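Peer 1: Here it is, the structure in full.
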Ligand code: GLY
């Protein structure tokens, strides 16, 4: 078991290990003083882990209620959020109580946003059960819901009190969800760690499962460093958007249902790196290594329409800043920078 401490506006531990879900009350009781907990989870994760979490907390003497919503990105909306608020009221959850996000990115983002806003803020804990949530979305305090016009458009920065990454939970993940998470893992190697990238190159979709604790720890450590340097996403944290500018446009093209986030990011990384090679901003070797690593983990190197058509969709990206957009470019494996461009420069770049 490993503990990575994040020192942001709130200080909290990310615990990475096995068998954590069954013993969650032990870790939770050390992290918060709350006596009542509201577990928020989707119907798929509830079947696997809902009762285990509730029993662990009840056996430790806590009062627990559980809110279950239908799985999927379409639930990450104002209607479900409203249902969560009503549920919290009806179950007399007060400011000294604590929400628990049990599940993947949708659950973590939405529960975190409920915690940021209900009663002007209650504490919350993340128990991420998908690879994507363990390596990325559960850490760093970005919370949000979607609007009909785009993903994550309403949100808040709200750090959790504790993150429990139970590696055992990844063994029940369907293959496509595992591949989805690997998209973000490859991103971490590309932006910050040639060493992580080499580990990915030496393994494949089967053998990586034997070293997942190490992989999750490496990604969380990188994210910790980035979040500590720039919690509110004004500089360094933008590096985590490598592949996301085009990736979000690809997701939008497929109506957020036809392609997973990790696959869209994978294609976004390959496309932007190809463009960077054409402009002499990245080595051909780095592009070759990226594409072969994506193929190893069954991630796409292209998706959606022609790159030039993706350009206009990028301009709706919430990361656009007035008349500027800052795509992330990796000059080499493990080395990244964001390049501030005017909209015209960007459209010319993706040309
Ligand atoms: N997932 C990107 C970030 O947390 O900034």
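Peer 1: Give just the number: which of (1) under 21 Å from residue 128 (Cβ atoms); (2) within 12 Å of the ligand (Cβ to nearest atom); (3) outside any helix (DSSP H, G or I) does residue 256 not satisfy?
Peer 2: Failing condition for residue 256: (2).
Peer 1: Please enumerate the residues belonging to the range 100-124 that are farther than 17 Å from residue 43 by Cα and either in contact with a strand residue (DSSP E or B) (Cβ under 7 Å, 6 or more places away or on another chain) or not in a loop (DSSP other than H, G, I, E, B) (or both). Write out each step before concluding.
Peer 2: First pass over the range 100-124, keeping only residues farther than 17 Å from residue 43 by Cα: 112-124.
Within the range 100-124, 112, 113, 114, 115, 116, 117, 118, 119, 120, 122, 123, 124 meet the criteria.
Peer 1: For the range 108-120, enumerate the residues that are within 16 Å of the ligand (Cβ to nearest atom) and over 20 Å from residue 27 (Cα atoms).
Peer 2: Scanning the range 108-120 gives 109, 110, 113, 116.
Peer 1: For the range 225-234, state whether one or more residues are crowded, with 24+ Cβ neighbours inside 10 Å, in contact (Cβ under 8 Å) with a residue 24 or more places away in the chain and away from the ligand (no atom under 11 Å from the Cβ).
Peer 2: For the range 225-234, residues crowded, with 24+ Cβ neighbours inside 10 Å, in contact (Cβ under 8 Å) with a residue 24 or more places away in the chain and away from the ligand (no atom under 11 Å from the Cβ): absent.
Peer 1: Please go through the range 273-299 and give me each residue that is touching a strand residue (DSSP E or B) at 6+ places or on another chain (Cβ under 7 Å) and in a helix (DSSP H, G or I), ordered by number. Steps first, answer last, please.
Peer 2: The initial filter retains those residues of the range 273-299 that are touching a strand residue (DSSP E or B) at 6+ places or on another chain (Cβ under 7 Å), namely 273, 276, 281-283, 286.
Passing the criteria: 273, 276, 286.
Peer 1: Does residue 304 satisfy the condition of being outside any helix (DSSP H, G or I) and crowded, with 16+ Cβ neighbours inside 10 Å?
Peer 2: Details: outside any helix (DSSP H, G or I): yes; crowded, with 16+ Cβ neighbours inside 10 Å: yes.
When the stated conditions are applied, residue 304 passes them.
Peer 1: Just to verify a result, which residue in the range 145-182, among those that are closer than 13 Å to residue 106 by Cα and within 14 Å of the ligand (Cβ to nearest atom), is modelled with the lowest pLDDT?
Peer 2: Once the filter is applied, the top-ranked residue is 151.
Peer 1: Filter the range 142-176 down to the residues that are within 21 Å of residue 262 (Cβ to Cβ), assigned to a loop (DSSP other than H, G, I, E, B) and under 16 Å from the mean Cα position of the chain (by Cα) and list them by number.
Peer 2: 173, the sole residue that qualifies.
Peer 1: Only one of (1) within 14 Å of the ligand (Cβ to nearest atom); (2) free of Cβ contacts under 8 Å to residues at least 60 places away in the same chain; (3) surrounded by fewer than 17 Cβ atoms within 10 Å (Cβ to Cβ) is not met by residue 211, so which one is it?
Peer 2: Here residue 211 meets the rest and fails (1).
Peer 1: Same structure, new question: Quick check on my filter: what residues within the range 121-144 are more than 13 Å from the ligand (Cβ to nearest atom), more than 16 Å from residue 212 (Cα to Cα) and buried (at least 24 other Cβ atoms within 10 Å of the Cβ)? Let's see the steps before the verdict.
Peer 2: From the range 121-144, those more than 13 Å from the ligand (Cβ to nearest atom) are 121-125, 127, 129-131; that's our starting set.
If we keep only those that are more than 16 Å from residue 212 (Cα to Cα) too, we end up with 121-125, 127.
Those that are more than 13 Å from the ligand (Cβ to nearest atom), more than 16 Å from residue 212 (Cα to Cα) and buried (at least 24 other Cβ atoms within 10 Å of the Cβ): 124, 125, 127.
Peer 1: Before we move on, is residue 311 surrounded by 17 or more Cβ atoms within 10 Å (Cβ to Cβ) and in a loop (DSSP other than H, G, I, E, B)?
Peer 2: On the way: surrounded by 17 or more Cβ atoms within 10 Å (Cβ to Cβ): yes; in a loop (DSSP other than H, G, I, E, B): no.
No: the conditions fail for residue 311.
Peer 1: Can you list the strands (runs of 3 or more DSSP E) found entirely within the range 1-89 that contain at least 1 residues being farther than 19 Å from residue 114 by Cβ?
Peer 2: Details: elements: 2-7, 11-17, 36-42, 63-69.
Once the strands (runs of 3 or more DSSP E) in the range 1-89 are filtered for at least 1 residues that are farther than 19 Å from residue 114 by Cβ, what remains is 2-7, 11-17.
The values are calculated or read from the model by the stated rules, or taken from the named source; none is laboratory data. Small disclaimer: the values here were computed from a predicted structure and weren't measured. Because the Cβ atoms are built from the backbone with ideal geometry, glycine has one as well, and the counts that use them run over all protein chains shown.
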